[in-house]
1. Applying the selection to region 156-198, what residues are among the β-branched types (Val, Ile, Thr), surrounded by fewer than 17 Cβ atoms within 10 Å (Cβ to Cβ) and in contact (Cβ under 8 Å) with a residue 60 or more places away in the chain?
2. When only residues in region 78-95 that are in contact with a Lys or Arg (Cβ under 7 Å, 6 or more places away or on another chain) and touching a residue at least 40 places away in the same chain (Cβ under 8 Å) count, which is farthest from residue 120 (Cα to Cα)?
3. Taking region 59-78, which residues are under 18 Å from the mean Cα position of the chain (by Cα), in a loop (DSSP other than H, G, I, E, B) and of a type outside the set (Phe, Trp, Tyr)?
4. Does residue 56 satisfy being charged (D, E, K, R), assigned to a helix (DSSP H, G or I), modelled with pLDDT of 95 or more and surrounded by fewer than 20 Cβ atoms within 10 Å (Cβ to Cβ)?
5. Just to be sure I understand, how many residues within region 11-46 are under 17 Å from the mean Cα position of the chain (by Cα), among the acidic types (Asp, Glu) and crowded, with 17+ Cβ neighbours inside 10 Å?
Amino acid sequence: MSNASNENTKPQLIMLHPDLNKIIDITLPEPYKTRGESSPSDHKAWERIITESFKEKYSYSLMTDDKFYKPERVLFVTDENDIPVATAASWDSDDYPADCAVVHMVGVLPDHSGHHLGLHASLAAMKQAKKEGFERMVLRTDDFRIPAIKIYLRLGFLPAITHESFIERWKDIFAKIDRQDLIETLPSTYDGKTNKEI
């Protein structure tokens, strides 16, 4: 059984950015630009990015059928021809407190990997959340997504301990990426907090 299959039996890890007034400033490399959804052709571009990123077929109806969908909440990094090559969404959810937005559906076309576009797409989603008045932001991820976790840490997200399994799992992840300093910030025991109490 693969690493990913083992992880799918566990609740996804949750990370929290505690203050959207403290968003890092990173320059997007040329010739890339960021923008929101602007035309129906973006729907197909999103499907391609997410399908190639997750190795599973996705339909844009996943976004448009959601009650929290707004075109401006779907962010893209585009190439020199204004063709989307990476995406992340700034979402809302009943699972979290009202002041928390959610980083949703992050993906990058493999041909454009190596330019930190997942980071820039996620950053664009954070800026959109702040623009809408959200104060904090959460995301869900998996133990095996080490490159993504490194990006989220760089963006200022930290573990939210909302499940009893999370402490040991985060210890393992931080040991793998040689972040002993972060291991020391983890609580010694789970205090029973839920998503609603983040």
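The values are calculated or read from the model by the stated rules, or taken from the named source; none is laboratory data. Note that the structure is a prediction, hence the values are computed from the model and not measured. Cβ coordinates were reconstructed from backbone atoms using ideal geometry, including for glycine residues, and neighbour counts include every protein chain displayed.
1. Residues satisfying the conditions do not exist here.
2. Out of the qualifying residues, it is 90.
3. 66, 70
4. Taking the combined requirement at face value, the residue does not satisfy it.
5. 0
Residues checked against (1) under 18 Å from residue 37 (Cβ atoms); (2) surrounded by 22 or more Cβ atoms within 10 Å (Cβ to Cβ); (3) in contact with a Phe, Trp or Tyr (Cβ under 9 Å, 6 or more places away or on another chain):
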| site | (1), (2), (3) |
| --- | --- |
| 105 | yes, no, yes |
| 108 | yes, yes, no |
| 113 | no, no, no |
| 129 | yes, yes, yes |
| 139 | no, yes, yes |
| 154 | no, no, no |
